[in-house]
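To keep things clear, I will list the structure first and then write my remarks on it.
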Amino acid sequence: MSERIIVPFGPQHPVLPEPIHIDLVLEDETVVEAIPSIGYIHRGLEQLVQKREYTEYVYVAERICGICSFIHALCYSQGIEHIMEVEVPDRARYLRTIWSECSRLHSHLLWLGLFADSMGFENLFMRSWQLRESVLDVFEDTTGGRIIQGTCKIGGVRRDIEQEKLDEMHRTLDPFEEKCRDLGDVFLNDETVKYRLQGLGVISKDEAYALGAAGPTARASGVAMDHRETGYAAYGDLGFKPVVETAGDCYARCAVRVKEVYASIDLIRKAIEGMPDGAIDVKVKGTPNGEFFSRAEQPRGEVVHYLKANGTKHLARARIRTPTLANIPPLVKMLPGAQLADVPVVVLSIDPCISCTER
Amino acid sequence: MGIFQMTKTVLRNIAGGPATRQYPAVPARTSPLTRGHVVFDPSTCRSCNICSRKCPCEAIRIDKEEKIWEIDRMRCIACGDCVESCPFGSVTMEQDYFPPVMEHAVERYTITYVKPEKPAKKPVEEDTGA
Amino acid sequence: MTVKEEQTIIGVALENLLSEVGKLYADGYRLVQIGCTDIGDSYEVNYSFDKGYQFINLRLTLRPETEVPSITGTYWGAFVYENEMHDLFGIPVTGINIDFKGTFIRTAEKYPLSVTKRGGDRCQNV
Amino acid sequence: MAFMKRSPWILHYDASSCNGCDIEVLACLTPLYDVERFGIINTGNPKHADVLLITGGINAQNREVVENIYEQIPEPKVVIAVGACAATGGIFRECYNIIGGIDKVIPVDVYIPGCAARPEQIIDGVVAALSILEEKRAKMNGAAQETEQAGEST
């Protein structure tokens, strides 16, 4: 009979860029139970909505998370636009789509790098991050910021991308995709990676659905759920199909993200080709009154911004449910059965974004 | 042959030059849109206070009586709202970054604009309303 | 509008909560989120569900200090939201499967968003 | 061994930032910025570190963690606050759970402005911190020699 021991994992752990704490109950080397606790970077952003004007809160919404910043701002703006019944111009919708997909690219490449690092594949980590920098360069050229873009605003976008820049982006997409495919090939087909990931942290389709998993974590288990299918921004015009895998293990979660990188490149290409002319914003007047659950698809899954406005320039309440919070219950179910050495890989496979989660 | 997936990338690395940007030797990469830091021109400011009200993190403070325009660089998030909202073009965005500092200090400028005696209605107030 | 979405909001009484949630579970809805809103002197608790991008929201209106039964019996993953409810708003939730007892999100002041302890507009850094 | 330049080791801790500065700190280590060419190595162990790089403001929960990490770093040590939040609390300043900048808890030597701070700024900040580290080390060595000499003369 083996003894049970509790190993604290985190908050400051070399594999985790962010503080999350998990108490692992081990029997020999196998995890029996995992209890997460968060709160190391809780700031209280939801209350800040009462101190900032609804137009200024876009900046705060962007800073909920530095990785998916654009999509947070997009989701927030779409919610306010719905409440105020503002119609966003077509060009703004397309620009928002391009930037959303760019941030998905940058987030997925970042995650692939970190994931490779957690497996001990240092070279792949560096390659992914090197590739990611070219996405950040596009961000800097088109928005002026590398990771906090600051271009989304209520009623449209703040900056336009000129036609020459769009053409240049379109030209560079092909070589970029080729590099991504080389990299993705390693993640998908390399024997060592497969050996490390297959059959690890399995979660079945029914379980993932019942636990409320979101994003790639759900799609890797076969739940075809991607909020982009509802066609917000310009996704409705671009013919979007979600990427779904069925195995539900770490390898499937990795494969979903690799394939989403390809899908994102494709969406950017289509959006550049179909870019309509016209204004990029409409003037928004007055104050919002009403409530709405605004939803958008982040790199990590579905994000919900519940916005309640009371007719003043300060919102009454913003409640932000981020995908990582929804993915914590599946993580708790995934960990039992894994070896201690595999815990970092399993934890990273849900792509934890703690500053999102704790707000 | 699943074990040689990385070979292609590795070979390309060996053949290609270094990927590193030689930062201190070569200036940092910027684009015309880069939001580096905010520059203030005290000679054109009319202390309308719009920048200070627009600032989402209250980095800018204006004292109309003392004719002072202050910016706390450590609070500024370089969002560019003040630049876009300034009706006189006194606040501009520069591409280069503000260097690291050892002391946390507030930058202070004295506004040179002198309010005209006439018309009797305060122009400052009109600007705020605009 | 860029978002074309119908959102159904159904008011629900406290004693019917578990049966309503059970019905939605049987219909194949998944839990999206549980969130609280401070409406003057009481709380609005939103239980949001989704099925095929159809959004259903059960709304519970609560007086402060009212005990809420946990729905973790039906939706196992609801514990994150219910602990958050307890930690930020001070709403007592009974019968959570993983009860952190106020240590899920640790804050400087207890129950920062509670209606009974409404903090002033103080800025700590000025 | 005085002729040899020392290689500073960095410990990075995420206090309560939005992740933006964190990933930029990590980006510094990756091929495009590669701070390892200056001999700077990122370590996970405070006992090995010379430079503490903190992103984000202090909140109620991580206050003790930051103090603890700072205590564990051996002298001489330099603290760099990366980004607006670490310097003053930035845009999150008014949040109920934010106490303020890093300097509310531990002494900060270099402030790096920006939201999010760019890799170039972080490199500049670390280079600035290194000269401070050298100064502190010289001062420490000087003080140690003085006490030694004082011990010998008596």
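Brief remarks follow.
- Being at pLDDT below 85, in a strand (DSSP E or B), more than 23 Å from A:MET225 (Cα to Cα) and among the β-branched types (Val, Ile, Thr) is a description that does not apply to C:THR66.
- Among the candidates D:ASN59, D:ASN45, the residue that is within 25 Å of A:HIS42 (Cα to Cα) and out of contact with any His (no Cβ under 8 Å at 6 or more places or on another chain) is uniquely D:ASN45.
- Residue within region A:302-324 that is surrounded by 22 or more Cβ atoms within 10 Å (Cβ to Cβ), within 14 Å of chain C (Cβ to nearest Cβ), at positive phi and in contact (Cβ under 8 Å) with a residue 40 or more places away in the chain present: no
- Region B:21-44: number of residues that are touching a residue at least 40 places away in the same chain (Cβ under 8 Å), surrounded by 12 or more Cβ atoms within 10 Å (Cβ to Cβ), more than 10 Å from the chain's Cα centre (by Cα) and under 20 Å from A:VAL138 (Cβ atoms): 3
- For B:CYS55, the criteria (1) within 12 Å of chain A (Cβ to nearest Cβ); (2) touching a residue at least 40 places away in the same chain (Cβ under 8 Å) hold in every case but one, which is (2).
- Qualifying positions in region A:134-166 - surrounded by fewer than 22 Cβ atoms within 10 Å (Cβ to Cβ) and without any contact (Cβ under 8 Å) to a residue 12 or more places away in the chain: A:ASP137, A:GLU140, A:GLU162, A:GLN163, A:GLU164
- Members of region A:121-136 that are facing chain B (nearest Cβ under 10 Å) and either assigned to a loop (DSSP other than H, G, I, E, B) or farther than 16 Å from A:LYS179 by Cα (or both): A:PHE121
- For the residues D:ALA87, D:ALA81, D:ALA117, the requirement of being touching a strand residue (DSSP E or B) at 6+ places or on another chain (Cβ under 7 Å), touching a residue at least 12 places away in the same chain (Cβ under 8 Å) and within 11 Å of chain C (Cβ to nearest Cβ) singles out D:ALA87.
- Residue in region A:79-96 that is away from chain D (no Cβ under 11 Å), touching a strand residue (DSSP E or B) at 6+ places or on another chain (Cβ under 9 Å), among the small types (Gly, Ala, Ser) and over 18 Å from D:ILE91 (Cβ atoms) present: yes
- Pick from region D:18-39, criterion farther than 19 Å from B:ALA28 by Cα and either modelled with pLDDT of 80 or more or in contact with a helix residue (DSSP H, G or I) (Cβ under 6 Å, 6 or more places away or on another chain) (or both), ranking: surrounded by the most Cβ atoms within 10 Å (Cβ to Cβ): D:CYS18
- Elements of type helices (runs of 4 or more DSSP H) contained in region A:1-120, each with 1 or more residues being at pLDDT 80 or above: A:57-62, A:69-84, A:90-119
- Of all the criteria given as (1) farther than 26 Å from A:GLN149 by Cα; (2) more than 10 Å from chain A (Cβ to nearest Cβ), the one not satisfied by D:VAL65 is (2).
- Residues being within 24 Å of A:ILE354 (Cα to Cα) and touching a strand residue (DSSP E or B) at 6+ places or on another chain (Cβ under 8 Å) - total across region C:68-82: 5
- Residue in region A:177-196 that is closer than 30 Å to A:THR55 by Cβ, more than 8 Å from every other protein chain (Cβ to nearest Cβ) and modelled with pLDDT of 85 or more present: no
- Test: residue in region C:10-19 that is surrounded by fewer than 16 Cβ atoms within 10 Å (Cβ to Cβ), within 13 Å of chain A (Cβ to nearest Cβ), out of contact with any Cys (no Cβ under 7 Å at 6 or more places or on another chain) and in a loop (DSSP other than H, G, I, E, B): no
- Test result for C:TYR29, more than 21 Å from A:LEU307 (Cα to Cα), facing chain A (nearest Cβ under 9 Å) and of a type in the set (Ser, Thr, Tyr): no
- Any chance D:ALA144 is free of Cβ contacts under 8 Å to residues at least 40 places away in the same chain, out of contact with any strand residue (DSSP E or B) (no Cβ under 6 Å at 6 or more places or on another chain), buried (at least 24 other Cβ atoms within 10 Å of the Cβ) and of a type in the set (A, V, I, L, M): no
- Filter result (surrounded by fewer than 17 Cβ atoms within 10 Å (Cβ to Cβ) and either at pLDDT below 80 or farther than 14 Å from C:LEU18 by Cα (or both)) within region C:44-63: C:LYS51, C:GLY52, C:TYR53, C:GLN54, C:THR61, C:ARG63
- Filter pass, C:ASP41 being exposed (fewer than 15 other Cβ atoms within 10 Å of the Cβ), closer than 19 Å to A:ALA218 by Cβ and either away from chain A (no Cβ under 12 Å) or among the acidic types (Asp, Glu) (or both): no
- Test: residue in region D:121-139 that is assigned to a strand (DSSP E or B), buried (at least 20 other Cβ atoms within 10 Å of the Cβ) and touching a Gly at 6+ places or on another chain (Cβ under 6 Å): no
- Members of region A:268-290 that are buried (at least 23 other Cβ atoms within 10 Å of the Cβ) and not in a loop (DSSP other than H, G, I, E, B): A:ILE268, A:ALA271
The values are calculated or read from the model by the stated rules, or taken from the named source; none is laboratory data. Computed from a predicted structure; not experimentally measured. Counting neighbours? That spans all protein chains shown, and the Cβs are built from the backbone with ideal geometry, glycine included.
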